[in-house]
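FYI, it's all coordinate maths here, none of it is from the lab. Keep in mind the model is a prediction, meaning the values are calculated, not measured. As a convention, Cβ positions derive from the backbone with ideal geometry for all residues, glycine included, and neighbour counts pool all protein chains shown.
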Amino acid sequence: MAIVKEKVIEINHFTDRLFRFKTTRNPGTRFRDGEFLMIGLEIDGKPLLRAYSVASPNYERFMEWFSIKVPNGPLTSKLQLIKIGDEIITNTKAVGTLVLDNLKTGRNLYLLATGTGIAPFMSLIRGIETYDNYEKVILLWSTRFAKELGYNKYLEQLNHDRNLRDIIQNKFYYYPSVTREEWKNTGRISTVIYNGSIQTKLGIENFDKEKDRVMVCGSMPMNIEFKKYFTEKLGCKEGNSSIKGEIVFEKSFVEKC
Ligand SMILES: Cc1cc2nc3c(=O)[nH]c(=O)nc-3n(C[C@H](O)[C@H](O)[C@H](O)COP(=O)(O)OP(=O)(O)OC[C@H]3O[C@@H](n4cnc5c(N)ncnc54)[C@H](O)[C@@H]3O)c2cc1C
């Protein structure tokens with residue numbers, strides 16, 4: 001596995017649990033939107049690496065990452081202290097199942113995320129091919145508290161972003177929700193999917209398994225719940241690198257919510 005060093009060029013701490021940072025990008029680093037790499041730090045001369053979804057789209061010259069800060073976490077207790085100009089290490093060959101290649105094309109693409117599970121979708125919602133393949137790209141993202149929706153303001157104006165609006169063509173739909181406090185949208189994203197109210201709220205067509213596709217990224221309970229609903233109840237076929245399907249899953253973190 002080729003390991004390269006990247007320089008930190010930007011950092012934003014959203015909360016005491018979450019931060020986002022950008023690094024330089026080695027010209028040899030290859031990834032498809034939605035994939036993950038191993039990233040980390042050299043500690044006492046040894047690499048300490050963890051899986052991280054790339055949050056930037058593959059046409060950018062920098063790499064963006066969205067990270068948890070786990071108290072006493074071997075990597076993130078140190079990673080959260082990085083400063084501009086510091087170096088992190090990454091491998092250069094990405095992998096992952098949340099890629100457009102694993103899904104049939106279709107009408108609408110649903111991206112369902114909890115917590116840091118938003119990271120691969122930050123790449124996909126800014127990707128050119130995503131909007132080539134689908135008429136509408138619908139992101140549902142829930143966190144425990146509103147302050148944890150670190151990308152919220154950015155996402156609310158994404159259709160109008162000067163640099164992205166030609167790519168996105170007003171095809172982006174967004175529904176944020178929080179589960180542990182009163183906010184404008186509260187509750188688990190599964191609720192608005194099961195009762196069909198998400199389509200009314202966003203003014204879009206009802207979900208149609210024949211036409212619409214789904215990507216899921218987040219906690220283990222959410223993965224299990226959506227696997228039951230979409231694959232067992234609705235009969236959506238899971239896609240992989242050999243056979244394109246109607247739904248794909250990635251466990252980007254293992255926290256119970
Ligand atoms: C495919 C894949 C993609 C991932 N992408 C990301 C990403 O983009 N951003 C990110 O922050 N993490 C991501 N992770 C998790 C990441 O690999 C590390 O687990 C995390 O950075 C913590 O590292 P650590 O060494 O500090 O603690 P670890 O020893 O790795 O984890 C300690 C504990 O912290 C909790 N935890 C770990 N990661 C998270 C998380 N993201 N959210 C909530 N609780 C967590 C779990 O309970 C875990 O047992 C991904 C994991 C996988 C498998």
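A few notes on this one:
- For segment 185-228 versus segment 1-58, the spacing of their alpha-carbon centroids is 29 Å.
- Cα pair distances in segment 100-250, grouped into 10 Å bins until the bin that holds the longest one, percent each: 11, 43, 38, 8, 0
- Dipole magnitude for the chain: computed about the Cα centre from +1 point charges on Lys and Arg Cβ and -1 point charges on Asp and Glu Cβ, it is near 200 debye.
- Residues of segment 126-147 with amide N under 20 Å of the 7 Å Cα→Cβ point at residue 182: 143-147
- In the chain, helices alone account for a calculated mean residue ellipticity at 222 nm of -3500 deg cm²/dmol, with every DSSP H run of four or more residues adding -39,500 (n - 2.57).
- Karplus-derived HN-Hα couplings along segment 231-240 (A = 6.51, B = -1.76, C = 1.60, θ = phi - 60°), whole Hz, x at Gly and Pro: 8, 7, 7, 8, x, 5, 8, 6, x, 8
- Protection proxy ranking of 28-40, 116-128, by the mean of other Cβ atoms within 10 Å over each peptide's residues and highest first, is 116-128, 28-40.
- DSSP assigns beta bridges within the chain; of those with both partners inside it, close to 50 percent run antiparallel.
- In straight-distance terms, cross-link reach from residue 104 covers every one of the lysines whose alpha-carbon lies under 28 Å from its own, apart from those fewer than eight places away in the same chain; here that gives 93, 136, 171, 201, 209, 211, 227, 228, 233, 237, 244, 251.
- Rg and Dmax of segment 42-154, Cα atoms only, in Å: 15.9, 50
- For the chain, Kirkwood radius (reciprocal of mean inverse C-alpha pair distance, Å): 18.6
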